[in-house]
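Bear in mind that the values in this text are calculations on the coordinates, not laboratory data. Just so it is clear, the model here is predicted, and its values are computed rather than measured. Positions of Cβ are backbone-derived with ideal geometry, glycine not excepted, and every protein chain shown enters the neighbour counts.
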Amino acid sequence: MRERPSGNRVVGRGLRAVCLTGVVSVSGCILFSPPPEPVTVRLVNNSGFVVDANVYVRAAVVDAGTLFGGAIYTAWATGRPFPTLRPGQSVEFVLSCEQIETIGVAEPVFSDLLTFTGGRSPDRIVLTRPADFACGATIVFTYSADPNVDLYQVVSSVE
Amino acid sequence: MAVWCAAMIPLGGCIFAFRDFDDDGSDGEPNSGKILVRMINASLSFGVDPELYATGQAVTNLNTDLFVDANKKGGFGDYGTGLLDPGQDAQIEIDCGAARVVGTRGGRFLKRSTGEVVATGQQRVVSQELQFDCGDVITITYEGKGPNEATTAIAVSRP
């Protein structure tokens with residue numbers, strides 16, 4: 001059925017087909033605001049071990065206990081047997097800003113599949129929006145290890 | 001990431017719908033399917049406790065991460081005892097997500113009349129993504145020729 005304009009509202013056919021978030025002002029003009037920029041998450045394995053990245057994501061601001069009490073976020077590992085990073089591997093994935101208000105990493109595990117050595121990092125990182133990052137940000141978790149001194153760690157940065 | 005305009009709403013906006021994922025941020029298991037583990041008691045004189053273990057977790061220490069009671073597989077063999085009679089074989093399926101590392105301590109070769117351990121085989125352990133993949137068949141062969149003379153071999157094949 002054909003839609004008819006009402007009042008002084010002007011809506012072009014082309015605009016009606018465009019998927020944008022918008023509101024109508026009191027004057028009747030349509031004010032479009034683009035959707036918030038997505039957040040990019042990059043996981044960087046600088047170690048010689050396979051790393052269980054142990055990433056957690058929530059669409060609400062939650063504390064560490066709630067975040068790490070949930071399931072590990074595995075969507076980035078689709079097609080892989082396990083949500084792990086190979087030695088030297090980097091992985092990047094993008095989430096809509098609404099999907100990510102809290103992100104964290106807890107106690108990643110570094111393992112050698114041949115010698116069955118390695119260790120678990122004690123590190124826990126929790127980042128929340130907007131305190132620690134904003135829409136459009138790139139969040140980087142970098143995993144590194146020095147087994148000679150029993151050091152297994154993850155650090156975060158926001159670009 | 002799949003993003004589409006699910007429904008236009010009044011005032012020119014729309015609802016964005018994203019790929020489903022659970023409230024806890026996960027979107028399902030990345031690893032489905034099974035592996036098959038075949039255990040063959042090639043000894044004609046001794047029974048065998050195959051000492052089969054599997055875990056879906058990272059292994060950084062075989063004794064604490066793999067070879068623990070919670071990971072030991074049983075329920076096969078005569079009357080589900082988990083023991084193989086001389087010349088007997090058995091097989092079990094294990095979910096790939098629970099078989100990141102599969103191995104045997106070596107197997108215990110038992111005197112049939114008394115249950116006395118007369119020999120032990122050699123420890124064999126394999127890792128998914130390194131020595132086998134989901135869907136593969138792992139065959140462990142136990143051969144005991146006499147007291148303190150036993151060998152354990154492990155092989156991987158793709159059906």
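For this structure, a couple of remarks:
- Amide proton proximity set for B:Phe132, modelled H, under 5 Å, gap of 5+: B:Ser127
- Neighbouring partner chain Cβ atoms per residue of B:123-136, average, 10 Å criterion: 2
- Here is the result for segment A:33-123: no GluC sites (Glu not before Pro) lie in DSSP coil with at most 11 other C-beta atoms within 10 angstrom of their C-beta.
- Straight-line cross-link reach from B:Lys34 at under 17 Å between alpha-carbon atoms covers these aspartates and glutamates, not counting any fewer than eight positions away in the same chain: B:Glu93, B:Asp95, B:Glu129, B:Asp133, B:Asp136.
- Förster radius 30 Å - calculated FRET efficiency between A:Asp146 and A:Val94, Cβ distance, rounded to 0.05: 0.45
- Segment B:32-157: C-alpha pair distances exceeding 23 Å, %: 26 percent
- Shielding by partners for peptide B:59-71, expressed as the average number of C-beta atoms from other protein chains within 10 Å of each residue's C-beta, is 3.
- In sequence order, segment A:117-125 has phi-based couplings of 10, x, x, 9, 6, x, 5, 9, 10 Hz under the Karplus curve 6.51 cos²θ - 1.76 cosθ + 1.60, θ = phi - 60°, and Gly or Pro positions carry x.
- Charge sum, other residues only, whose C-beta stays under 11 Å from A:Tyr143's C-beta, Lys/Arg counted +1 and Asp/Glu -1: -2
- Annotation note: trypsin sites (Lys or Arg not before Pro) in segment A:50-159 located in DSSP loop regions with a Cβ neighbour count of at most 10 within 10 Å are absent.
- Test item: Cα-centred dipole of segment B:53-111, Lys/Arg +1 and Asp/Glu -1 on Cβ, debye: 240 debye
- Put in order of Cβ neighbour count within 10 Å, fewest first, the listed residues B:Thr139, A:Thr74 become B:Thr139, A:Thr74.
- Estimated translational diffusion coefficient (Stokes-Einstein, Kirkwood radius over Cα pairs, 20 °C, 1.002 mPa s) of segment A:39-158: 148 µm² per second.
- Counting neighbouring Cβ atoms within 10 Å and putting the fewest first, the residues A:Arg129, B:Arg105 line up as A:Arg129, B:Arg105.
- Taking amide H atoms as placed 1.01 Å from N in the peptide plane, the amide H of B:Asp89 lies under 5 Å from those of B:Asn41, each 5 or more residues away in sequence or on another chain.
- Segment A:39-158, relative contact order [Cα under 8 Å, separation at least 6], %: 35 percent
- Under the simplified labelling scheme, the B:Glu129-A:Ser33 pair shows an inter-label distance of 4.1 nm, with each label point 7 Å from Cα along Cα→Cβ.
- Restricting segment B:63-159 to GluC sites (Glu not before Pro) in coil, as DSSP defines it, with at most 16 other Cβ within 10 Å: B:Glu116, B:Glu129
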